[in-house]
Amino acid sequence: MSRKVELSLLLYGLLLSSMGEEEGLHQTQFLDTMFVRGLKRKCFDGEEDIEGTLAGIKAIPSYNLQRQSLLDMSLVKLQLCHMLVEPNLCRSVLIANTVRQIQEEMTQDGTWQMINTQSTGQASLDRLVSTDILCRSSRDQAEGKHVPAYGTFNKDFESDQAQDSSETMSTASSVQAPRNLQSNVWEMENPQENKGNFQKSLDQIFETLENKSPNSVEDLFSEVDNSYYDLDTMLTGMMSNTKMGHCDNLETFSTPTNTASNSNCKSDLNDLDHIVEILVES
Amino acid sequence: MSHKQAGGPPGESAADWCLYQLNGAAELEVSEADIISTVEFNHTGELLATGDKGGRVVIFQREPESKNEPYNQGEYNVYSTFQSHEPEFDYLKSLEIEEKINKIKWLPQQNAAHSLLSTNDKTIKLWKITERDKRPEGYNLKDEEGKLKDLSTVTSLQVPVLKPMDLMVEVTPRRIFANGHTYHVNSISVNSDCETYMSADDLRINLWHLAITDRSFNIVDIKPANMEDLTEVITASEFHPHHCNLFVYSSSKGSLRLCDMRASALCDKHSKLYEEPEDPSNRSFFSEIISSVSDVKFSHSGRYMLTRDYLTVKVWDLNMETKPVETYQVHDYLRSKLCSLYENDCIFDKFECAWNGSDSVIMTGAYNNFFRMFDRNTKRDVTLEASRESSKPRAILKPRRVCVGGKRRKDDISVDSLDFTKKILHTAWHPTENIIAIAATNNLYIFQDKVNSEMH
């Protein structure tokens with residue numbers, strides 16, 4: 001097995017083992033509860049006063065947090081398509097539509113900090129995404145040790161901080177255990193680089209959606225794939241094996257596993273790619 | 001449905017389903033290649049074809065009923081197994097092309113041979129299945145092994161005679177319809193004219209002639225000029241059973257489009273659009289995903305269409321575009337679990353649906369190896385399970401119940417105990433009798449109605 005694939009698999013294994021399944025299950029149960037408890041009606045009207053109704057329910061994060069989680073999950077899913085043998089176009093389109101829906105709602109709420117003040121119906125998606133990353137990193141700095149991976153950043157949140165923070169703190173403490181692990185993982189590598197790579201992958205996705213070539217959606221993943229195939233023809237077989245391995249891990253989810261670990265893996269793979277290429281060439 | 005109505009309305013009594021046959025290995029570790037990916041009866045119900053992820057097709061044939069045991073209806077025995085598709089590699093895109101058989105469709109039988117179409121993501125193949133049960137013996141120039149005889153030993157002429165031999169089933173690929181699709185083929189449908197068929201991928205539908213492999217007509221193209229604008233894909237399509245000019249295709253946004261090929265060469269403009277307005281009280285971020293239609297089937301009568309989306313099956317009247325005439329909840333208890341199901345990708349599972357021969361009962365699969373049947377006349381429904389533990393041969397299947405909280409009866413299963421890895425995506429109903437084929441991962445279950453085998 002090539003050294004590069006070995007390293008990738010080793011790192012992936014480490015990431016997976018550091019993320020227990022319980023944390024993931026814990027998290028998604030919260031998300032399910034959020035969606036279930038009649039938040040739907042009020043939430044999706046865009047009303048922000050659900051915090052009042054939530055006062056008694058400590059364990060449920062705010063609607064913004066829930067929406068942000070869903071957005072993050074969706075973006076990771078789009079990225080994860082890199083790992084599959086062939087992307088399922090229907091699934092990708094449905095996830096992309098969900099992402100757009102969330103971003104549109106966030107735009108309407110004014111929770112999305114727009115660089116561009118244009119009010120066109122469809123603002124450029126990659127601009128929206130980059131705002132997300134920027135805001136999150138700045139919020140992380142503001143919060144200090146309280147570094148949730150799913151951070152909200154909207155200005156409403158900050159203005160309601162007095163009212164909100166107690167709830168988020170309590171929610172955060174109950175999910176502190178999983179999120180500490182997450183933030184540790186984020187900090188394992190250079191966090192800026194991680195975000196940069198994440199950013200790069202997202203830009204790739206939306207650039208290719210804008211691409212006019214007929215097979216652009218398949219091309220989504222060819223950029224990353226080609227770097228592997230260039231190295232070694234044997235890697236082709238290896239790559240499909242490792243891909244299948246990843247899929248197996250994903251597909252044995254009857255208890256949901258934290259998908260953020262996979263996005264870390266992806267950016268780590270990109271780093272490894274770069275490192276090994278340097279090593280090989282020298 | 002499995003409870004006989006005492007003193008109820010006259011007519012067909014409810015069916016009692018029992019396991020007739022179970023094919024497939026019982027190992028815990030299932031090889032991925034053995035996972036059944038499609039099931040289809042032929043037009044008489046004599047043959048049943050299954051395709052799997054490894055690109056193989058297995059055809060079962062029903063044994064003729066034995067006169068000695070009239071209640072022991074014919075078994076489905078393996079008739080033929082062949083490798084339909086092989087894995088391929090697309091060098092241009094650096095992507096593998098899976099050999100998984102997505103769909104099998106039988107052609108109506110026109111002579112002694114049977115024919116079927118099988119397709120993977122990219123290539124459709126026409127297979128001819130013939131039987132050979134005689135062979136000629138007594139050649140003049142060849143001996144028994146086929147070697148040429150020494151001519152000097154031939155002193156008289158004989159006429160070769162056909163002698164019986166063990167039945168041999170031969171399967172040959174007659175046509176290969178390749179390079180017609182850029183995207184993944186999700187459906188094929190043979191036209192009632194028996195000359196043409198269509199194949200649909202995510203963005204386009206092509207019309208082929210069964211005898212011509214080097215070209216096809218594109219009849220639907222929903223690919224936007226700018227892929228950034230792509231928001232909807234084709235999920236399934238089917239020809240009308242009687243009108244050779246009509247076909248329907250479903251989309252990921254939950255709409256159905258009925259198209260008439262007489263209207264224009266490119267049927268991008270539908271003749272009818274079937275769409276149910278969204279229920280605002282049930283709106284969530286997952287509304288669109290769960291409205292995506294995974295399967296569409298015309299009724300045998302041609303009057304109705306059956307669609308399956310994530311939580312329901314719906315019956316549509318071709319004459320009414322505004323809403324379905326009937327909606328049945330398959331597993332509404334999953335509505336509160338959509339986020340988990342989104343995370344583990346189960347929300348993207350594509351379940352199929354089926355009509356019975358008289359269009360009075362519809363069937364679809366669910367999780368935990370459950371499948372559901374809805375009687376359109378009595379409005380009764382039943383949940384049954386396809387598993388080794390709960391199916392003893394010839395024993396009547398017990399209805400299952402999923403409890404959502406509240407009162408829990410003895411054999412109920414709670415929503416949280418459902419096994420989402422055991423999904424019944426592919427089901428088929430015999431064209432005339434109460435026989436159903438259920439694919440559960442790598443196992444093929446055949447259930448029959450114990451008492452009635454004929455449809456009224």
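The values are calculated or read from the model by the stated rules, or taken from the named source; none is laboratory data. Since this is a predicted model, take the numbers as computed values, not measurements. All Cβ positions, glycine included, derive from the backbone under ideal geometry; neighbour counts span all protein chains shown.
Condition check ((1) assigned to a strand (DSSP E or B); (2) buried (at least 19 other Cβ atoms within 10 Å of the Cβ); (3) in contact with a Gly (Cβ under 9 Å, 6 or more places away or on another chain); (4) more than 14 Å from chain A (Cβ to nearest Cβ)) across all residues:
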position: B:P173; (1), (2), (3), (4): yes, no, no, yes
position: B:H184; (1), (2), (3), (4): no, yes, no, no
position: B:I188; (1), (2), (3), (4): yes, yes, no, yes
position: B:N206; (1), (2), (3), (4): yes, yes, yes, yes
position: B:E238; (1), (2), (3), (4): yes, yes, no, yes
position: B:R257; (1), (2), (3), (4): yes, yes, no, yes
- Message: Name the residue that is farthest from the chain's Cα centre (by Cα), counting only residues in segment B:16-59 that are over 26 Å from B:N120 (Cβ atoms) and at pLDDT below 75.
- Response: B:L28
- Hey, can you tell me all the residues within segment B:307-328 that are farther than 18 Å from B:I234 by Cα, of a type outside the set (S, T, Y) and part of a loop (DSSP other than H, G, I, E, B)? B:L311, B:L318, B:N319, B:M320, B:E321, B:K323, B:P324, B:V325
- Query: Residues of segment B:329-345 being aromatic (F, W, Y) and surrounded by fewer than 18 Cβ atoms within 10 Å (Cβ to Cβ), which ones?
  - Reply: B:Y333
- Query: Can we say A:A59 is touching a Ser or Thr at 6+ places or on another chain (Cβ under 8 Å) and modelled with pLDDT under 85?
  - Reply: yes
- Note on the structure: Of B:T81, B:T50, B:T153, B:T130, the only residue that is in contact (Cβ under 8 Å) with a residue 60 or more places away in the chain and among the hydroxyl-bearing types (S, T, Y) is B:T50
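Condition check: within 24 Å of B:A354 (Cβ to Cβ) and part of a loop (DSSP other than H, G, I, E, B). Does B:H243 satisfy that?
Spelling it out, B:H243 is indeed within 24 Å of B:A354 (Cβ to Cβ) and part of a loop (DSSP other than H, G, I, E, B).
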- Task: Could you tell me which numbered condition B:S340 fails, if it satisfies all but one of (1) under 18 Å from B:S417 (Cα atoms); (2) assigned to a strand (DSSP E or B); (3) of a type in the set (S, T, Y)?
- Result: (2)
- All but one of (1) within 14 Å of chain A (Cβ to nearest Cβ); (2) more than 21 Å from the chain's Cα centre (by Cα) hold for B:S252, so report the exception by its number. (2)
- Scan segment B:346-355 and give yes if some residue there is out of contact with any Leu (no Cβ under 9 Å at 6 or more places or on another chain) and part of a strand (DSSP E or B), otherwise no. no
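Residue-by-condition table, conditions (1) within 30 Å of A:S92 (Cβ to Cβ); (2) of a type outside the set (D, E, K, R):
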residue: B:A178; (1), (2): yes, yes
residue: B:S192; (1), (2): no, yes
residue: B:Y197; (1), (2): yes, yes
residue: B:I205; (1), (2): yes, yes
residue: B:H209; (1), (2): no, yes
residue: B:D214; (1), (2): no, no
residue: B:I222; (1), (2): yes, yes
residue: B:T231; (1), (2): yes, yes
residue: B:S250; (1), (2): yes, yes
- Query: Residues of segment B:259-309 being away from chain A (no Cβ under 11 Å) and over 30 Å from B:S358 (Cβ atoms), which ones?
  - Reply: B:R262, B:A263, B:S264, B:A265, B:L266, B:C267, B:D268, B:K269, B:P277, B:E278, B:D279
- Residues B:F371, B:F348: which one is within 25 Å of B:S187 (Cα to Cα), surrounded by fewer than 23 Cβ atoms within 10 Å (Cβ to Cβ) and in contact (Cβ under 8 Å) with a residue 24 or more places away in the chain? B:F348
- Exception for B:T378 within (1) over 30 Å from B:K53 (Cβ atoms); (2) in contact with a Ser or Thr (Cβ under 7 Å, 6 or more places away or on another chain); (3) surrounded by 16 or more Cβ atoms within 10 Å (Cβ to Cβ) falls at (2)
- Restricting segment B:190-204 to residues that are part of a strand (DSSP E or B) and closer than 20 Å to B:E40 by Cα, which is nearest to the other protein chains (Cβ to nearest Cβ)? B:A200
- For segment B:92-129, the count of residues that are more than 18 Å from B:R56 (Cα to Cα) and either away from chain A (no Cβ under 14 Å) or at pLDDT 95 or above (or both) equals 7
- Query: Restricting attention to segment B:259-306, and to residues there that are within 21 Å of the chain's Cα centre (by Cα) and assigned to a loop (DSSP other than H, G, I, E, B), which single residue is surrounded by the fewest Cβ atoms within 10 Å (Cβ to Cβ)?
  - Reply: B:S301
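Name the single residue that is nearest to B:S264 (Cα to Cα) among those in segment B:208-218 being assigned to a strand (DSSP E or B) and more than 14 Å from chain A (Cβ to nearest Cβ).
In this case the residue turns out to be B:F217.
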- Subset of segment B:302-323, residues in contact (Cβ under 8 Å) with a residue 60 or more places away in the chain and not hydrophobic (A, V, I, L, M, F, W, C), comes to B:G302
- Task: Would you be able to say whether some residue in segment B:215-230 is within 19 Å of B:S252 (Cα to Cα), touching a Gly at 6+ places or on another chain (Cβ under 7 Å) and surrounded by 14 or more Cβ atoms within 10 Å (Cβ to Cβ)?
- Result: no
